[in-house]
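The values are calculated or read from the model by the stated rules, or taken from the named source; none is laboratory data. Since the model is a prediction, treat every value here as computed from it, not as a measurement. Here the Cβ is made from the backbone with ideal geometry for all residues, glycine too, and neighbour counts use every protein chain on show. Keep in mind that these areas ignore ligands, DNA and RNA; they rest on the heavy atoms of the full protein, side chains included. Shrake-Rupley method; radii C 1.70, N 1.55, O 1.52, S 1.80 Å.
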Amino acid sequence: VIRRNLAGNMLPRLIELVIEETSTQGFGSDSVIERLCDGLFVLLIRYCIEEGLVREGVFAAMQDKRLATALGLIHQQPWHAWTLNELCARAGMSKSVLSEKFSALIGHSPIGYLTSWRLQIAAHWLLEPDMTVEKVAERCGYNSVPAFSKAFKRQFAQPPGAFRRHKE
């Protein structure tokens, strides 16, 4: 709950715009509402960070400029063959500091987080009707479907095919 006196001016105005756009339903309303809700989400996260309510996870890690650099690289180029050395060099941190901060704030090593992020993307691809497990494995950079399936099962506790059937 965010009290009105703590919300600032933008949050109530965005909520009013969402309500207004919902009630008028003009051309492109769905897109406008979606963008306004994106703005609401960012403002809510900002509020939580500024109030000290976010102490761990990716949003907390983004408060550290060097961690934000490493996370940005991972998110922008998930299929790059990142190594710990390369992430450290680009973020300007030692391996021990980067690994320690990732583990403390995100709960994974940098490479573990990268693998998890790749598999999250793979899970979304598996829900697309024209994507086969083979195509997803190849797009994710796995040399074989069994290697991809093993990693996917470790992440989601079920193989890719079962995941797809369960989500349909």
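Mind putting a number on the dipole of the stretch 1-57 about its Cα centre? Charges go on the C-beta only, +1 for Lys and Arg and -1 for Asp and Glu, and I need it in Debye to the nearest 20.
Values: 6 positive and 9 negative charges, 53 e Å.
In total the dipole reaches around 260 debye.
I need the chymotrypsin sites (Phe, Trp or Tyr not before Pro) found in the stretch 1-84, filtered to DSSP loop residues with at most 14 other beta carbons within 10 Å of theirs.
Those that pass, being in a loop and sparsely packed, are 27, 79.
Per 0.36 nm of contour for each residue apart, how much would the distance between residue 6 and residue 145 grow if the chain were fully extended, relative to their Cα-Cα spacing? List each step's numbers first, then the result.
On the way: separation 139, 0.36 × 139 = 50.04 nm, distance 5.11 nm.
Result for the pair: 44.9 nm of gain on full extension.
Provide the FRET efficiency to the nearest 0.05 for the residue 30-residue 116 pair, computing r from the beta carbons and using R0 = 22 Å.
Values: r = 31 Å, r/R0 = 1.40.
Once the sixth-power term is evaluated, E becomes 0.10.
When the accessible area of the chain is split by element with a 1.4 Å probe, what percent falls to carbon and sulfur?
55
Report, to the nearest 10°, how far helix 29-50 tilts away from the longest principal axis of the Cα atoms in the chain, using its own Cα long axis and a range of 0 to 90°.
Value to nearest ten degrees: 80.
By how many degrees, between 0 and 90 and to the nearest 10, does the Cα long axis of helix 145-156 differ from the longest principal axis of the chain?
It works out to around 40 degrees.
Based on the Cβ-Cβ distance from residue 23 to residue 63, what FRET efficiency comes out when R0 is 25 Å, to the nearest 0.05?
Details: r = 37 Å, r/R0 = 1.49.
The pair residue 23/residue 63 has a calculated efficiency of 0.10.
What angle, in degrees between 0 and 90 and rounded to the nearest 10, separates the Cα long axis of helix 110-126 from the longest principal axis of the Cα atoms of the chain?
The two axes meet at around 80 degrees.
What are the lysines whose alpha-carbon lies under 21 Å from the alpha-carbon of residue 65, with same-chain residues fewer than 8 places away excluded?
95, 101
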